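This report concerns only the one structure given below.
The values are calculated or read from the model by the stated rules, or taken from the named source; none is laboratory data. Everything quoted here is computed from the prediction, not taken from an experiment. All Cβ positions, glycine included, derive from the backbone under ideal geometry; neighbour counts span all protein chains shown.
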Amino acid sequence: MMTAAATVLYQKESSIAWVTLNRPQVLNAYNLDMRDELYTTLEAVRDDPEVRGMVLCGAGDRAFCAGADLTEFGSAPSQAIARQVRWERDVWGLFLSITKPIIAALHGYVLGSGLEMALLCDMRIASDDAVFGLPETVLGMIPAAGGTQTTSRTIGVASALELLLTGRRFSAQEAFSKGLINRIVPRAQLLSETLATLESVLAANQQALETVKAVIHRGLDLPLDKALNLENRVAASSLVSQGGNVQTWQSPVQ
């Protein structure tokens, strides 16, 4: 099944949803139309019981997403109002509400809100030509799609501050060395390797995958002792067979 909108493509292949940012003529820059269509698409992924995992990628040869579409600022009373309108729909919260595994396939330019979007995914696989950056401070702004929080949680405060304060661009190799991405693959193999990785993840018990995601995200908001208690409580609520396969789950993460 494939549905095509102006800025987002959605294709479902078996139990995997492919979500493609589709403004290649402007490096898949994020605008209001993309916001609305991505929101609707993510809702479909979240609510479809047939979908077990998702790949997020960008159309065209040049970019996954080069950040916000700054041309929209010209039609708004101010940059501040334009940014406020763009983020009024909580796409970022919706990303985090999806319990199914999400892998971002990154190529070309991965800048600004494009990188922030990728950081809301569970894993990030990049092609060797990818170029990363968080240039908001250079433009007189701060990240508005979670970048100050997700970056520091992913690579640590010191590295996050250096990238956010300088706004400089950096290579896939540096992104990998910092732990910002999980793997680097040749460009021609990006989608096939991402699919193979997601398929290997989905070979595990679905409820176990969803619970691990929930425990990790919930634990980030807790002191370590309380987070460990949460893990123990959730683990104790499951029944595990001798072979190690989760059979039933009796209580949700709370």
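Scanning region 183-204 for residues that are of a type in the set (S, T, N, Q) and surrounded by 15 or more Cβ atoms within 10 Å (Cβ to Cβ) yields 194, 197. Scanning region 19-58 for residues that are surrounded by fewer than 19 Cβ atoms within 10 Å (Cβ to Cβ) and of a type in the set (A, V, I, L, M, F, W, C) gives 26, 32, 44, 51.
For region 139-158, name all the residues that are more than 19 Å from residue 117 (Cβ to Cβ) and in contact with a Gly (Cβ under 9 Å, 6 or more places away or on another chain).
So the first thing to find is which residues in region 139-158 are more than 19 Å from residue 117 (Cβ to Cβ), and the list is 140, 156-158.
Within region 139-158, just 156 meets the criteria.
Run residue 195 past the list (1) assigned to a helix (DSSP H, G or I); (2) at pLDDT below 95; (3) within 16 Å of residue 51 (Cα to Cα) and report the number of the one that doesn't hold. Checking residue 195 against (1) assigned to a helix (DSSP H, G or I); (2) at pLDDT below 95; (3) within 16 Å of residue 51 (Cα to Cα), the one that fails is (2).
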